[in-house]
Amino acid sequence: MRVIIDVMSGDNAPAELLLGAVLAATEYKVDITVVGNRQIIDQIAKEKNINLEKIAVVDTDIVINMDDPALSVVRDKSGSSMSIGLKMLANGEGDAFVSAGNTGALLAGATLIVRRIKGIQRAAIATVLPFNSPVLLIDAGANLVVTEDIFEQFAVMGSVYMEKLYGIKEPRVGLLNNGTESTKGTPLMVETHKRLTTSPVNFVGNVEGKEIPFDVCDVLVTDGFTGNVVLKLIEGMGGFMMTTLKGMFMQNPLTKLSSLVMKEKLKGLKREFDASEHGGAPLLGISKPVIKAHGSSDAKAIKNAVRQAMNFINNGVMYEIARHAMEFSDKRANQNSAEKSTQEND
């Protein structure tokens, strides 16, 4: 198994990403290819005493920045580290690709270079939210505008992911909305609720934002705009809670003593909200594994993103999604044919 890593993209590139690649190669015994500026990579390896003996390097000095247009990955920066890595994946020179770079560019590149699974209309970012019971948020930032069909495909892809990677039988699917009643929300949300009720998933109804942490569903379906707002809010609240707790325990000698008793519990809570523990989010619906690591990923996060990519490959998630996509396409084709026949008879 070979994992390709774009080490030039992200806030901590390339040093932390390169170190994460080495950690993954050492700990997981997986072949790693890094794509980036060889001169800079060699310089960092020398300065930080990083052994690159087990790492293959593909050289490029072109980088897609966070403010570059999404389509730069296939246009003016088609020779970038992100673009080259995606092309290698598409050509079978690796089994998965990891990048902490520009989300829009990664989605566009994965869609146009690696391609979607046949029958899937839109790829989606699937992020596991850091609660005691894992909740897969889909979409977490890829698609601002969606339809009932796309929502249904999100629900199916999310269900497959949670069943294959987390062993949850018949994952509960919730639709993020501003009320639990089936009539709540915009016309699109009302129609989506009807659609999911008859969909081949375990739909448990609408879920309000306040319910998300309390184990009401295993897959939470929403559009990319709303999903990204929810994700960033949860990340921010996690940081706020830890800062507040730290301040409470540092008020006086008695509270400082109490903090020693709670030390391990607090460490566990901090880990739950630590993005580096989860590594990254897969782009579900792409024909080969593409993992979007957090923009601020450190070495630990990149190592865990590689682990996530390996699990993705080993559990056959894409094949199961492809099977459902084919069934979905057949179902829609039959419905369209029936509607056309009805119209002709009228």
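Every number in this text was worked out from the coordinates using simple rules, so none of it is lab data. Here the structure is a predicted model, which means the values were calculated and not measured. For neighbour counting, all protein chains shown are included, and Cβ atoms are generated from backbone atoms with ideal geometry for every residue, glycine included.
Tabulated values for the structure
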read-out: Cα gyration tensor category, rounded, prolate or oblate, for segment 52-155 with a/c compared to 1.5; value: prolate
read-out: If the convex hull is drawn through the Cα atoms of the chain, its volume per residue in Å³; value: 160
read-out: Whether segment 98-160 is rounded, prolate or oblate, judged on the alpha carbon gyration tensor where a/c under 1.5 counts as rounded; value: oblate
read-out: Centroid-to-centroid separation of segment 19-87 and segment 178-205 [C-alpha atoms, Å]; value: 43
read-out: Per DSSP, loop trypsin sites (Lys or Arg not before Pro) in segment 58-94 with at most 14 further Cβ within 10 Å; value: R75
read-out: Cα gyration tensor shape of segment 80-222, rounded if a/c is under 1.5, else prolate or oblate by comparing a/b with b/c; value: prolate
read-out: Around L176: net Lys/Arg minus Asp/Glu count, Cβ-Cβ under 12 Å; value: -2
read-out: Antiparallel DSSP beta bridges within the chain, percent to nearest 5; value: 25
read-out: Contact order relative to length of the chain, as percent, for alpha carbon pairs under 8 angstrom and 6 or more apart; value: 21
read-out: Above-threshold pairs, the threshold being 27 Å between Cα atoms, out of K118/K210; K232/K331; K87/K331; K164/K292; K194/K232; value: K118/K210; K232/K331; K87/K331; K194/K232
